[in-house]
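Participant: For reference, the structure I am asking about is given below.
The values are calculated or read from the model by the stated rules, or taken from the named source; none is laboratory data. Source: prediction; values computed, not measured. Note: ideal-geometry Cβ built from the backbone for every residue, glycine included; neighbour counts use all protein chains shown.
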Amino acid sequence: MPADQGVQHGPLRAAKQREPQGKLFTFRGMEETLYSYIQKHEFEVAMTCEGCSGAVTRILTKLPDVKFEIDLPKKLVWIESDRDVESLTDTLKKCGKEVKYNGTK
């Protein structure tokens, strides 16, 4: 190759893009999703006193990786978690109070 031509390369090819699979791994039949993320959920809980809010606090502090706020006068509980709504609702119902899911905030 003559020195004045420099290095010659073949035509550039675009790398084939892979679609995200949505699964991080499978281990003993359990699948971990790649897309789980923390959301802030709002629940209306039929709390009437500090004893009621204390019961909610005791139950929610047992859950790992969960942050929460309680507004007793408005009867609202906000939970930041990557857990599903059904699981959080079932946990709150352990207080023996009526629970209504208001959505994410």
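Participant: Quick check on my filter: what residues within the range 62-77 are of a type in the set (D, E, K, R) and loosely packed, with under 14 Cβ neighbours inside 10 Å?
Facilitator: K62, D65, K67, E69, D71, K74
Participant: Can you name the number of the only condition in (1) in contact with a strand residue (DSSP E or B) (Cβ under 9 Å, 6 or more places away or on another chain); (2) β-branched (V, I, T); (3) surrounded by 11 or more Cβ atoms within 10 Å (Cβ to Cβ) that I59 fails?
Facilitator: (1)
Participant: Which one of the conditions (1) small (G, A, S); (2) loosely packed, with under 12 Cβ neighbours inside 10 Å; (3) modelled with pLDDT of 95 or more does A3 fail to meet, given that it meets all the rest?
Facilitator: Evaluating A3 over (1) small (G, A, S); (2) loosely packed, with under 12 Cβ neighbours inside 10 Å; (3) modelled with pLDDT of 95 or more leaves (3) as the failure.
Participant: Which of the residues spanning the range 78-93 are surrounded by 14 or more Cβ atoms within 10 Å (Cβ to Cβ), more than 10 Å from E42 (Cα to Cα), of a type outside the set (A, V, I, L, M, F, W, C) and touching a residue at least 24 places away in the same chain (Cβ under 8 Å)?
Facilitator: Passing the criteria: S81, T89, T91.
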